Amino acid sequence: MMHDVIIVGGSYAGLSAGLQLARARRKVLVIDAGQRRNRFAATSHGFLGQDGQAPEVIAAEGRSQLMEYPSVTWVQDNVVEASGQLDGFSVRTQCNGELKARRLILATGVVDELPAIEGLQERWGTRVFHCPYCHGYELDRGRIGVLATSPLAMHHALMLPDWGTTTLFTNGVFTPDAQQQALLDRRGVSVQNGAVRRLSGERVDLELEDGRVFNLDGVFTMSRTRISPLAAQLECELSEGPSGLYVHTNETRQTSVPGVFACGDTSLAAGSVALAVGEGVRAGTGTHFSLING
């Protein structure tokens, strides 16, 4: 069967893209592996109308609404290979073999690669975060740590005083220069040097290699992000973002390969449910215009 569009990834961006195409009565296949990036977080914030809702509830409701449209098919599977060209793309899945479509939308998200620090992984999404707008308010103006993984930790450190008393842990990664230190001083950010040994405790007890322990309500850090290999297989142009590679797109969210579109964290160097939904709309409508115009 030749679908109009295959959407690889059924999280917020993919669901949003699919909804636009379903309402245009296009034959859509969504292939989803079931690994939302924010699956570790208990609540989602900053999305108008859904603030404070559980991420899995938002995703489940979105899927339920999308599947009301009879032209949409959903497959729970993992896409391992993609190839083809305009009007003749194919994807190979682990369980359902080869599937074909005239257009592809990559909404595969990213994988977060975290610093190898004891106690960090198990607190990701609960006490260790990446987005102040998503999680800062709930820390109730408490004690916030910024765990540096690169000099880009300055970005977090200068933002977070609006959400609480902030300490930057340079973690042996970088030393603020005079200008950076002046900016940190102006924002009231304390700076602690030395490598971080572990995170522990009910909230966060951050221990440095020299034995000092800091009691915190939450920690923000920047992961390295890894995109799906599908974009490279299709020979899409990639760009280097602040945390890793992402897929380069134009204003319609078409990649450098005609007929291949990308949206969500795959093509935007930022992690937000609201942004993912908006980018999905752009990719869905862009794909529809492509089908109309050939």
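No value in this document is a laboratory result; all are computed from the given coordinates. This one's a predicted model, so the numbers in the text were calculated from it and none came from an experiment. Heads up, the Cβs are rebuilt from the backbone with ideal geometry, glycines too, and the neighbour counts pull from every protein chain shown.
Just the number, please: percent antiparallel of the DSSP beta bridges in the chain, rounded to the nearest 5.
That works out to approximately 45 percent antiparallel.
For the range 26-74, take the alpha-carbon Rg, divide it by the Kirkwood Rh, and send me Rg/Rh.
Reported Rg/Rh, Kirkwood definition of Rh: 1.03.
Calculate the radius of gyration of the Cα atoms of the range 152-294 to one decimal place, then report Dmax, the largest Cα-Cα distance, as a whole number, both in Å.
Over the range 152-294's Cα set, Rg and Dmax evaluate to 20.2, 64 Å.
Once you place label points 7 Å from the Cα toward the Cβ at residue 67 and residue 54, how far apart are they in nm?
1.7 nm
Note the full-extension length gain between residue 226 and residue 138 as 0.36 nm times their separation in residues minus their Cα-Cα distance, in nm to one decimal.
28.9 nm
Are there GluC sites (Glu not before Pro) in the range 202-294 that DSSP marks as loop and that have at most 12 other Cβ atoms within 10 Å, and which are they?
Those that pass, being in a loop and sparsely packed, are 202, 209, 235, 237, 251.
How high is the relative contact order of the range 115-221? Use alpha-carbon pairs under 8 Å, at least six apart in sequence, and give a whole percent.
Relative contact order here is 34 percent.
Would you kindly work out the equivalent ellipsoid of the range 115-221 from its C-alpha gyration tensor and give its semi-axes, the square roots of five times the eigenvalues, largest first in whole Å?
Largest first, the range 115-221 gives 19, 17, 12 Å.
Between residue 193 and residue 150, what is the label-to-label distance in nm when each label sits 7 Å out along the Cα-to-Cβ direction?
2.3 nm
Could you give me the percent of Cα pairs per 10 Å distance bin for the range 200-263, shortest bin first, beginning at zero and ending with the bin that holds the maximum distance?
18, 31, 15, 16, 17, 2
How large is the Kirkwood hydrodynamic radius of the chain, in angstrom, based on all distinct alpha carbon pairs?
20.2 Å
How about the range 56-105: which trypsin sites (Lys or Arg not before Pro) there lie in a loop by DSSP and see at most 16 other Cβ atoms within 10 Å?
Filter output for the range 56-105: empty list.
In nm, what is the difference between 0.36 nm times the number of residues separating residue 175 and residue 251 and their Cα-Cα distance?
23.6 nm is the gain from fully extending residue 175 to residue 251.
Full-extension gain between residue 86 and residue 121, please, as 0.36 nm times their residue separation minus the C-alpha to C-alpha distance.
8.5 nm
Where both partners of a DSSP beta bridge lie in the range 115-221, what percent of those bridges are antiparallel, to the nearest 5?
Antiparallel bridges: around 35 percent, rounded to the nearest 5.
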